[in-house]
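Undergrad: First, the structure itself, so that you have it in front of you.
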Amino acid sequence: MRIALLAAAGLLAAALGSTSLRAEDGHAPNPPREKWSFAGMFGRFDQAQLQRGFQVYKEVCANCHSMRLVAFRNLAEAGGPGFSAAQVKALAETYSVKELDDSGSEKERAARPADRFPPPFPNDKAAAAANGGKAPPDFSVLAKARTYERGFPWFVFDALPFTGYSEQGVDYIHALLTGYEDAPKGFEMPGSGYYNKYYPGHVIAMPNPLSEGQITYPKNDKGEPVVPETVEQYSHDVAAFMAWAAEPHMMARKALGLRVILFLIVLAGLLYYVKKQIWKKVGGEVHGLQPELHKTY
Amino acid sequence: MSSAHATSTYVPKSHIAKWFESRLPLVGLVHSSFVAFPVPRNLNYFYTFGAILIAFLGIQIITGVWLAMHYDPSAANAFESVEHIMRDVNYGWLLRYAHANGASMFFVAVYVHIFRNLYYGSYKAPREVLYLLGVIIYLLMMATAFLGYTLPWGQMSFWGATVITNILAAIPVVGDTIQSLLWGGYSVGNPTVNRFFSLHFLLPWMIAGVVVLHVWALHVTGQNNPAGIPIKSSKDAVPFTPYATIKDVFAVVVFMILFAWFIFYQPNYLGHADNYVPANPSVTPAHIVPEWYFLPFYAILRAVPDKLGGVVLMFGAVLILAFAPWLDTSRVRSCNYRPVYRIFFWVFTANAIILGWLGAKPPEGGYVIASQICTAYYFAHFLIVMPLVGLFETPDRLPGSILETVTGPGKQLSGSGMPAGAAAEPAKRA
């Protein structure tokens with residue numbers, strides 16, 4: 001029997017060992033982990049950052065990227081960038097949307113807060129044709145649609161309280177936006193595309209969208225920008241904005257979660273006490289597998 | 001009727017209760033199954049997962065029915081209707097995250113339930129039918145979960161559906177017909193979402209039906225327990241209510257904390273980022289990976305270079321569970337008294353976890369070789385280890401009674417609250 005056990009253990013060891021035979025497949029490096037105000041159990045969106053991020057989206061990204069699932073009214077809803085209803089109404093009026101009038105012909109009208117952001121191209125084919133054959137991805141859930149592999153054992157810690165990590169998507173977006181550089185020597189660039197350190201395969205169709213000082217941020221009393229007008233800052237802000245766009249109820253979710261979990265812990269404690277009282281009547285109970293307990297007789 | 005009914009001590013008191021009970025003894029049935037039913041007093045927390053599973057079946061059905069009110073099962077609108085639920089429906093994000101993570105928690109609970117069953121030999125006589133009904137529930141759960149994962153119509157939904165329906169086509173003779181029936185056309189498309197939604201709504205009710213049979217069979221044979229020996233006297237048992245009821249409720253609430261953690265703080269941890277990209281038939285994701293609970297079987301599927309062979313082994317890996325009662329030759333049920341098989345049980349468990357890890361890796365190089373070794377061991381456990389260890393192993397001495405495992409031999413405990421004779425195993429009764 002000992003031989004059989006050794007054989008079984010050997011098989012498993014061989015199974016694990018053989019995985020190291022796998023060839024390296026030249027993955028892009030993992031994005032650096034950034035600090036986000038909305039990370040963790042008590043994370044909250046920074047309203048000013050979301051407003052700046054929206055400014056970056058509006059002035060730069062929105063030229064090519066749609067955001068079909070987000071409505072203007074969302075910008076004024078709780079847990080978001082916190083624009084006022086009047087600001088949102090004024091903003092919506094700067095956009096125009098198409099609709100059919102009573103005679104059945106298409107006409108344009110000013111957008112209302114209830115309308116969703118109109119896409120920059122009339123349809124996907126037009127978007128693809130204008131962007132080298134592939135439509136730029138929609139922004140609505142993009143922050144949740146991107147990630148990178150963390151690998152063992154990190155993925156275990158990512159699920160736990162205090163070491164939890166669910167910002168892979170925004171970290172990747174931030175890394176991508178700041179990851180444009182010259183192709184290293186010996187890297188053969190195809191005819192079109194740009195080198196990006198963090199893009200899988202390194203050749204990305206999107207040209208570097210951000211440059212230093214490109215966007216004018218709000219000023220403080222002294223007439224200086226509230227935050228630096230750098231690519232690093234723009235990229236942080238727009239990634240945070242995308243996190244909100246992908247998960248507009250995140251703050252409500254985390255706040256409710258805290259109350260639900262505290263309630264469940266208190267309830268579990270009370271139930272445990274009741275259970276102990278009830279089982280006392282028959283002299284208690286045994287727990288766990290306890291093979292050793294059973295073996296003593 | 002069932003012998004569970006025979007244990008009923010329910011006596012209707014009011015006039016209307018007497019009137020009803022003499023026409024349909026429903027209250028008596030519930031009373032005998034969930035109040036007076038004798039439960040071995042040595043059950044540990046691994047035995048609360050049945051109650052946890054029933055709670056999750058309820059949660060999935062309730063959240064699912066509500067989601068169905070807002071969901072649009074069409075290729076054009078499915079993705080957007082899910083986002084509509086997430087953004088515009090009041091607490092829609094809660095419903096959807098509860099339903100998606102509820103499926104994962106359902107599988108966490110069912111795997112604990114299955115491995116508890118394997119450890120304590122609960123599948124062995126006289127509980128074979130109870131066990132087979134459990135295997136059927138597990139199969140139905142897998143089908144339901146697969147169908148449900150296709151509904152958001154993201155990239156992983158679409159390509160998961162494509163991979164699974166394609167492997168069904170490998171079944172000889174009827175494969176192509178099954179595939180066309182599932183597709184509703186010549187590829188995965190709009191009719192596929194329609195019928196997957198319909199089937200996803202149907203299967204949980206079938207699960208609920210088989211669960212009723214599963215509970216019925218349980219109450220005929222009585223519960224197995226960590227000692228693996230039958231209830232011999234009323235002192236070995238306690239009545240289901242309040243003892244098992246309060247323990248189950250406590251365990252369900254503790255498990256809900258884990259569930260709530262995922263809903264509120266890691267809602268997308270167990271999913272795939274690719275499923276937030278709308279389905280696109282012309283772009284294949286870099287890695288098509290099923291949900292975590294299918295990964296061991298996915299590793300087995302890909303371990304075989306031949307398509308049909310892979311399909312046979314993958315389904316075989318689930319179906320072989322059904323033969324466990326007859327492959328296990330040991331006369332002792334519980335691994336607590338099986339010093340050799342107990343080690344093999346943990347090796348099997350480790351092997352299953354490694355298979356799951358391999359299922360998430362790309363099918364290349366060493367991962368394929370490792371999957372092949374682990375697949376071979378998976379089947380060897382059932383076909384070689386189970387029969388042989390049972391024949392050659394010398395089990396430890398079994399305790400004289402369940403009570404003895406709680407108190408030690410010869411000592412006494414206060415009464416169980418069971419009426420004398422009510423707790424004997426059915427075979428011994430009458």
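Undergrad: So B:VAL82 clears everything in (1) under 25 Å from A:LYS144 (Cα atoms); (2) in contact with a strand residue (DSSP E or B) (Cβ under 6 Å, 6 or more places away or on another chain); (3) β-branched (Val, Ile, Thr) except one condition, right? Which one?
TA: (2)
Undergrad: Is it the case that some residue within region B:367-387 is surrounded by fewer than 19 Cβ atoms within 10 Å (Cβ to Cβ) and either among the basic types (Lys, Arg) or not in a helix (DSSP H, G or I) (or both)?
TA: Scanning region B:367-387 turns up no residue that is surrounded by fewer than 19 Cβ atoms within 10 Å (Cβ to Cβ) and either among the basic types (Lys, Arg) or not in a helix (DSSP H, G or I) (or both).
One line per residue, one yes/no per condition, for (1) touching a strand residue (DSSP E or B) at 6+ places or on another chain (Cβ under 8 Å); (2) crowded, with 21+ Cβ neighbours inside 10 Å; (3) within 14 Å of another protein chain (Cβ to nearest Cβ); (4) modelled with pLDDT of 95 or more:
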{"site": "B:SER187", "(1), (2), (3), (4)": "no, no, no, no"}
{"site": "B:PRO191", "(1), (2), (3), (4)": "no, no, no, yes"}
{"site": "B:HIS200", "(1), (2), (3), (4)": "no, yes, no, yes"}
{"site": "B:ALA208", "(1), (2), (3), (4)": "no, no, no, yes"}
{"site": "B:SER234", "(1), (2), (3), (4)": "yes, no, yes, no"}
{"site": "B:VAL238", "(1), (2), (3), (4)": "yes, yes, yes, no"}
{"site": "B:TRP261", "(1), (2), (3), (4)": "no, yes, yes, yes"}
{"site": "B:ASN268", "(1), (2), (3), (4)": "no, no, yes, yes"}
{"site": "B:SER282", "(1), (2), (3), (4)": "no, no, yes, no"}
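Undergrad: Considering each of B:GLY309, B:GLY365 in turn, give the residue that is over 30 Å from A:TYR165 (Cβ atoms) and outside the structural domain of B:GLY148 (by TED's automatic domain parsing).
TA: The unique qualifying residue is B:GLY309.
Undergrad: Additional query: Please return the ranges of helices (runs of 4 or more DSSP H) entirely within region B:1-95 where 2 or more residues are in contact (Cβ under 8 Å) with a residue 60 or more places away in the chain.
TA: Qualifying helices (runs of 4 or more DSSP H): B:3-6, B:26-34, B:49-68, B:78-87.
Undergrad: Restricting to region B:300-324, name every residue that is in contact with a Leu (Cβ under 6 Å, 6 or more places away or on another chain), part of a helix (DSSP H, G or I) and more than 30 Å from B:ARG127 (Cβ to Cβ).
TA: B:GLY310
Undergrad: Here's another thing I want to ask about it. Please identify the pairs in which a residue from region B:223-245 that is touching a residue at least 60 places away in the same chain (Cβ under 8 Å) and within 24 Å of B:PRO395 (Cβ to Cβ) has its Cβ atom under 7 Å from the Cβ atom of a residue that is in a loop (DSSP other than H, G, I, E, B) and aromatic (Phe, Trp, Tyr), counting only partners at least 6 apart or on another chain.
TA: These pairs meet every condition: B:ASN224/B:TYR120; B:PRO226/B:TYR120; B:GLY228/B:TYR120.
Undergrad: May I ask you to list the residues in region B:160-196 that are among the small types (Gly, Ala, Ser) and either part of a loop (DSSP other than H, G, I, E, B) or in contact with a Lys or Arg (Cβ under 6 Å, 6 or more places away or on another chain) (or both)?
TA: B:ALA169, B:ALA170, B:GLY184, B:GLY185, B:SER187, B:GLY189
Undergrad: For region B:79-101, how many residues are small (Gly, Ala, Ser) and either crowded, with 23+ Cβ neighbours inside 10 Å or outside the structural domain of B:GLY58 (by TED's automatic domain parsing) (or both)?
TA: Summing the residues that are small (Gly, Ala, Ser) and either crowded, with 23+ Cβ neighbours inside 10 Å or outside the structural domain of B:GLY58 (by TED's automatic domain parsing) (or both) in region B:79-101 gives 2.
Undergrad: Got a number for residues in region B:259-288 being part of a loop (DSSP other than H, G, I, E, B) and more than 18 Å from A:TYR172 (Cβ to Cβ)?
TA: Looking only at that region, the number is 9.
Undergrad: Given the structure, is A:VAL260 at the interface with chain B (Cβ under 7 Å from one of its Cβ atoms), under 38 Å from the mean Cα position of the chain (by Cα) and either modelled with pLDDT under 65 or over 30 Å from B:SER334 (Cβ atoms) (or both)?
TA: Yes, satisfied.
Undergrad: Give the residue that is farthest from the other protein chains (Cβ to nearest Cβ), with candidates limited to residues of region A:146-175 that are surrounded by 21 or more Cβ atoms within 10 Å (Cβ to Cβ) and of a type in the set (A, V, I, L, M).
TA: Selected residue: A:ALA175.
Undergrad: Something else now. May I ask you to say which residue of A:ALA268, A:ALA205, A:ALA240 is surrounded by 13 or more Cβ atoms within 10 Å (Cβ to Cβ) and facing chain B (nearest Cβ under 10 Å)?
TA: It is A:ALA268.
Undergrad: Those residues that are in contact with a helix residue (DSSP H, G or I) (Cβ under 7 Å, 6 or more places away or on another chain) and more than 8 Å from every other protein chain (Cβ to nearest Cβ), I need them from region B:325-353; list them, please.
TA: Scanning region B:325-353 gives B:PRO325, B:LEU327, B:ASP328, B:THR329, B:SER330, B:TYR341, B:PHE345, B:PHE348, B:THR349, B:ALA352.
Yes or no, residue by residue, for (1) part of a helix (DSSP H, G or I); (2) within 23 Å of A:ALA62 (Cβ to Cβ); (3) in the same structural domain as A:ILE173 (by TED's automatic domain parsing):
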residue	(1), (2), (3)
A:THR216	no, yes, yes
A:PRO228	no, yes, yes
A:ALA243	yes, yes, yes
A:ARG259	yes, no, no
A:GLY269	yes, no, no
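Undergrad: A further question on this structure: Residue under question is A:ARG44, and the condition is that it be at pLDDT 95 or above, more than 25 Å from A:SER211 (Cβ to Cβ), assigned by TED's automatic domain parsing to the domain that holds A:GLU229 and not polar (S, T, N, Q); does it hold?
TA: Considered against the rule, which asks whether it is at pLDDT 95 or above, more than 25 Å from A:SER211 (Cβ to Cβ), assigned by TED's automatic domain parsing to the domain that holds A:GLU229 and not polar (S, T, N, Q), A:ARG44 comes out as yes.
Undergrad: Okay, moving on. Evaluate the following for A:ALA205: is it closer than 27 Å to A:ASN30 by Cα and either without any contact (Cβ under 8 Å) to a residue 40 or more places away in the chain or of a type outside the set (S, T, N, Q) (or both)?
TA: yes
The values are calculated or read from the model by the stated rules, or taken from the named source; none is laboratory data. Just so it is clear, the model here is predicted, and its values are computed rather than measured. Glycine also receives a Cβ, built like all others from the backbone with ideal geometry; neighbour counts cover every protein chain displayed.
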